[in-house]
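Okay, structure first, notes after.
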Amino acid sequence: VNLALGAQGSAMRLVLADLTAHLGRNVAAGPGTGLAGTFEGVEARMGAVPMDLTGAGGTWRFAGGRLDLADTRFDLTDRANPARFEKLHAQGATLALADGRISADALLRNPASGRAIVRAQVVHDLSHAQGHADLKVDGLTFDKDFQPAQLTSLAKGVIANAQGTVTG
């Protein structure tokens, strides 16, 4: 499946390579209700946000007018030139779509080290095309095994041998 959602130039592009669905099975809403399954090979290019989501997969469930994605994994890259951050990876992310509102939660990590970088919580109202993302750094520690240049190439030549923890 290859979709474009929205106006040309600012559309969200979505590619879905594999989708499985089961009617009334593995659905917490009760027997014989809803759909559930898995998805793999999802790529999303957000037109208004210069970031790409690739390699996404996980489980999904649709029941009672609500779509839930769970156990979702994906890579997030920056399209800005130069990139503001290096590729990040999420495992166990969630997304819900109900009543025209999207809410999502993901802990983004450095893929090489597995170090937690930032928790992103996104809320978006589709009917008003408005939303926001809250980004929280629970405690990003720089030490001999993880340096700012692994987070962003913009730190090269600016800071090195950092020691300490950033929160906020």
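The values are calculated or read from the model by the stated rules, or taken from the named source; none is laboratory data. Note that the structure is predicted; figures quoted are calculated from it, not measured. A quick note on method: Cβ atoms are made from the backbone with ideal geometry, for glycine too, and the neighbour counts reach across all protein chains shown. Surface areas here come from the heavy atoms of the whole protein model, side chains and all, with no ligands, DNA or RNA. Shrake-Rupley method; radii C 1.70, N 1.55, O 1.52, S 1.80 Å.
Taking the accessible area of the stretch 36-168, probe 1.4 Å, and keeping the other protein chains in place, the carbon and sulfur fraction comes to 55%. The convex hull defined by the C-alpha atoms of the stretch 113-168 has an orientation-averaged projected area of 5.0 nm². The magnitude of the dipole of the stretch 12-168, with charges of +1 and -1 set on the Cβ of Lys/Arg and Asp/Glu and taken from the Cα centre, is near 120 debye. Accessible surface computed residue by residue for the chain, with neighbouring protein chains in place and a 1.4 Å probe, gives 60 Å² per residue. What's the center-to-center distance, using Cα atoms, between the stretch 103-122 and the stretch 49-90 in Å? Here the answer is 10 Å between Cα centres. For the stretch 121-168, the set of trypsin sites (Lys or Arg not before Pro) satisfying both a DSSP loop assignment and a count of at most 15 other C-beta atoms within 10 Å is given as 144, 156. Computed on the Cα trace of the stretch 39-126, the radius of gyration divided by the Kirkwood hydrodynamic radius gives Rg/Rh = 0.98.
At an R0 of 30 angstrom, the distance between the Cβ atoms of residue 67 and residue 145 translates into a FRET efficiency of 0.15.
Computed with a 1.4 Å probe on the full set of protein chains, the accessible area for residue 46 sits at about 50 Å².
The three principal axes of the Cα atoms in the chain give end-to-end lengths of 58, 36, 28 Å, sorted in falling order.
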